[in-house]
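Participant: If you scroll down you'll find the structure; I have some questions about it.
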């Protein structure tokens, strides 16, 4: 079975759990690593020549961590409740006299919006690069910082594809299954 077939066949809940552990948690930890490297560079740079590049790295990783935090605090609980509704046969048409209060369309719109935000962060990570001249103070730390930023960009690109190609269609299918879509 190919990886694509495995991803296609995976339930929404197990896919989201794997996405959380293998991507959201890993990317968040990578951001912490970048922050520690940036701090080490700033502490050792008495002339503050590193400040612009390092501050860009810090700014971008801060945005990534906020992105991940929002996913964990808002999207993941929604998806778990969506999966539970589907598993329990709790169809939105049967919820109450007023209908379902989960605002499924807003959740999907928020997911689409977060995709645009992620694309913007990825493009800015790719634009932020410091030429590594041999005379730069802490040359090895800069090189390591650049490598970590490249890993972060790659991880975010993979996350973007997984969310776009698998998460959004799985959420949409589950929403349709519980009668939330036209």
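Participant: Look at residue 55 and say whether it is loosely packed, with under 15 Cβ neighbours inside 10 Å and within 17 Å of residue 169 (Cα to Cα).
Facilitator: Values: loosely packed, with under 15 Cβ neighbours inside 10 Å: yes; within 17 Å of residue 169 (Cα to Cα): no.
Judged against the criteria, residue 55 is not a match.
Participant: Continuing with the same structure: List the number of the failed condition for residue 123; all other conditions in (1) surrounded by 14 or more Cβ atoms within 10 Å (Cβ to Cβ); (2) modelled with pLDDT of 80 or more hold.
Facilitator: Among (1) surrounded by 14 or more Cβ atoms within 10 Å (Cβ to Cβ); (2) modelled with pLDDT of 80 or more, the lone unmet condition for residue 123 is (1).
Participant: Output the helices (runs of 4 or more DSSP H) that fall wholly within region 1-86 and possess 3 or more residues being modelled with pLDDT under 90, or say none. Spell out how you get there, then give the answer.
Facilitator: Details: elements: 3-9, 12-19, 25-43, 51-70.
Per the criteria, 3-9, 25-43, 51-70.
The values are calculated or read from the model by the stated rules, or taken from the named source; none is laboratory data. Note that the structure is a prediction, hence the values are computed from the model and not measured. Using ideal geometry, Cβ is built from the backbone for each residue, glycine included, and neighbour counts are taken over all protein chains shown.
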